[in-house]
1. With a ≥ b ≥ c the root eigenvalues of the C-alpha gyration tensor of segment 7-66, is it rounded (a/c under 1.5), prolate (a/b larger than b/c) or oblate?
2. Going by amide H atoms built from the backbone, whose H comes under 5 Å of the H on residue 72, apart from near neighbours?
3. When the helix-only estimate is applied to the chain (DSSP H runs of n ≥ 4, each -39,500 (n - 2.57), divided by the residue count), what is the mean residue ellipticity at 222 nm, nearest 500 deg cm²/dmol?
4. Rank 68, 53, 91 by how far each Cα sits towards the positive end of the charge dipole of segment 47-112 (+1 on Lys, Arg Cβ; -1 on Asp, Glu Cβ) and give me just the farthest.
5. Hey, how many Å between the Cα centroid of segment 47-83 and the Cα centroid of segment 86-149?
6. About its Cα centre, what dipole magnitude does segment 1-133 give when the only charges are +1 on Lys and Arg Cβ and -1 on Asp and Glu Cβ, stated in debye to the nearest 20?
7. Name the residue farthest towards the positive end of the dipole of segment 1-144 from the options 31, 1, 134, assuming +1 on Cβ of Lys and Arg, -1 on Cβ of Asp and Glu, about the Cα centre.
8. Counting other C-beta atoms within 10 Å, and keeping those with at most 13, which DSSP coil trypsin sites (Lys or Arg not before Pro) do you find in segment 68-153?
Amino acid sequence: MDVPYIMIGPGTGVAPFLGFLQQRSVLCVDSKNPAADVSLYFGCRRRDTDHLYEEELERFIEGGILSYLSVACSREQEHKVYVQDKIQAEGQQICKLLLENEKSRVYICGDGGEMVRGVVNGLTTVLQNHGGMSTEDAKLKMIALERSDRLIKDVWYWG
């Protein structure tokens, strides 16, 4: 409960994170200590047809289980907006969490093709733009995060 984390799950990638949040809601009831912040970056094409868990996620927000929810609906405007765009837009907070809190985690779940590459590239750009890192140092930091189990990917690829 004291580990802050960011969940990134476009499309069906959000499903495992619902389990995270359900478990967290049970643990929060039993805990007397304040829980660390948890953020979710969810992406879908259209909110009205693809945001299937909207009501459940809103209940997690209202109950203090989920600290922050960012939804990227890629087909609701002329220019497509993806979760990596939202991540870059909020890069300062994300960078601070990754660099200043050694307990923090990032979980990525979903398509192992373009999505995961886009998200990893987005996080790398955040480290460059807000962490003052060179491209090489940011890439090395991402590798270090993954090797230390602070960046965890549960992805699949349909090819």
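1. Prolate is the answer for segment 7-66, as a/c is 1.5 or above and a/b outweighs b/c.
2. 42, 43, 44
3. It lands at -14500 deg cm²/dmol.
4. 91
5. First find each Cα centre; the distance between them is then 21 Å.
6. Working: 13 positive and 18 negative charges, 52 e Å.
Value, rounded to 20: 240 debye.
7. Most positive-ward Cα: 134.
8. Numbers: sites: 75, 80, 86, 96, 103, 105, 117, 139, 141, 147, 150, 153; in loops: 75, 80, 103, 150.
Within segment 68-153, the qualifying trypsin sites (Lys or Arg not before Pro) (loop, at most 13 other Cβ atoms within 10 Å) are 75, 80, 103.
The values are calculated or read from the model by the stated rules, or taken from the named source; none is laboratory data. Computed from a prediction, not measured in an experiment: that's the story for all the values here. Note that each Cβ is placed from the backbone with ideal geometry, even for glycine, and that neighbours are counted across all protein chains shown. For accessibility, only protein heavy atoms count, side chains too; no ligands or nucleic acids. Shrake-Rupley method; radii C 1.70, N 1.55, O 1.52, S 1.80 Å.
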